[in-house]
1. Could you give me the ³J(HN,Hα) list for segment 34-42, computed from phi with Karplus coefficients 6.51, -1.76, 1.60 and θ = phi - 60°, whole Hz, x at Gly and Pro?
2. Long-range amide H contacts for residue 107: which residues qualify at under 5 Å (H placed 1.01 Å from N, peptide plane, sequence gap of 5 or more or a different chain)?
3. Counting pairs of alpha carbon atoms under 8 Å apart in space and at least six apart in sequence, what relative contact order in percent does segment 2-149 give?
4. Relative to the longest principal axis of the chain, what angle (0 to 90°, nearest 10) does the C-alpha long axis of helix 3-33 take?
5. Contour minus end-to-end for residue 106 and residue 126, with contour as 0.36 nm per residue of separation and end-to-end as the Cα-Cα distance?
6. Please report the projected area of segment 88-146's Cα convex hull averaged over all directions, in nm².
7. Taking the convex hull of the Cα atoms, report for the chain its projected area averaged over all directions, in nm².
8. Which length gain, in nm to one decimal place, applies between residue 81 and residue 8 when the Cα-Cα distance is subtracted from 0.36 nm times their residue separation?
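Where a number appears in this text, it was derived from the coordinates with a stated rule and is not lab data. Every value quoted in this text rests on a predicted model; they were computed, and no experiment measured them.
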Amino acid sequence: MSFEKVKQILNKLTEEHVVLLKKSEELEEKLENQFSDEVLDEVMDFIKKDVAEHARVEEEDLDQALQEAGITDFDIEALNFGHRTLDEIVEHLEYLISLYKKGEKEYRGRDLKKEIIKTAKEFFSTLKDHFTEEEDFFFPDILKYDIERFE
């Protein structure tokens, strides 16, 4: 397997970043303006399906392509660490949503809806930072392996 496969995956991931961030912005706006069970379900569906699949491609497909291209010293764990951080926010968001769906109005003395919106925004903001980190540091770091081979 050549380095081309790695490049293809990185290009696909970078394109997905744009799509996922646009969807994040739309969902954030919906949470603020049309807060409902349906919107909460849409947010969780987006996170559990779209964002989770994107992370899987990074953790599994990209890692495999790197191995096959003979790039064994790239620290994929650094990339995965960002995913763990996002997972922790998602767990908290799910917990808050479950309280809301049980009819709770407050969380630790604060308005539950506001806490859900704040936590969702934290997720979307962290996701954006993570994508920026990938595009500015991790992906170029991977791409330099190709350049080094021809020096």
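1. Calculated HN-Hα couplings, in order: 9, 3, 7, 4, 5, 5, 4, 5, 5 Hz.
2. 112
3. Normalised by residue count, the contact order of segment 2-149 is 32 percent.
4. Its long axis makes an angle of about 10 degrees.
5. In short, 4.8 nm is gained.
6. So the mean shadow area of the Cα hull is 4.7 nm².
7. Dividing the Cα hull surface by four gives the mean projection, 9.2 nm².
8. 24.0 nm
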